[in-house]
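Worksheet: the structure to be examined is printed underneath.
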């Protein structure tokens with residue numbers, strides 16, 4: 001879900017490189033519904049020295065714990081604050097203009113490259129919950 005301003009319009013990511021943006025990834029059950037347990041929160045921000053470099057911090061929630069966006073944001077932000085993060089060099093083929101369409105398209109390119117990196121690095125899509133499930137896909141505690 002993208003950020004929206006007070007009128008409900010999409011807004012580009014933070015232009016202040018010191019403020020992070022977040023992505024939340026959740027597991028799904030066998031029916032394709034979101035699971036309440038486990039997930040990943042990604043915090044990222046542009047570095048001060050280059051508009052092509054991004055710092056990316058990842059907070060993982062154990063598959064047996066309830067996923068909480070607020071706690072994930074706090075942990076991932078802490079990793080960024082103490083430089084416990086990855087630095088990605090993201091290249092793109094857009095001509096940077098001040099148009100809103102280019103900003104949104106660039107924002108999507110950055111998010112997609114970060115998602116691609118994190119899902120490969122942490123094998124997110126291949127992980128399954130370690131808890132047993134019923135035939136209906138419900139997790140047994």
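The mean of 1/r over all distinct Cα pairs in region 21-126, once inverted, gives the Kirkwood hydrodynamic radius of 14.8 Å.
For 31, 121, the sequence from fewest to most other C-beta atoms within 10 Å is 31, 121. Taking the Cα-to-Cβ direction at residue 105 and at residue 65 and moving 7 Å from each Cα, how far apart do the two end points lie in nm? Once both label points are built, they end up 4.1 nm from each other.
Ordered by the count of other Cβ atoms within 10 Å of each Cβ, fewest first, 91, 28 give 91, 28. Sorted on the mean count of surrounding Cβ atoms within 10 Å across their residues, most packed first, peptides 77-90, 35-48, 105-118, 54-67 read 35-48, 54-67, 105-118, 77-90.
Here, each number is a calculation from the coordinates, and none is a lab measurement. All of these numbers come straight from a predicted model, not from anything done at the bench. Every residue, glycine as well, gets a Cβ built from its backbone with ideal geometry; the counts of neighbours run over all protein chains shown.
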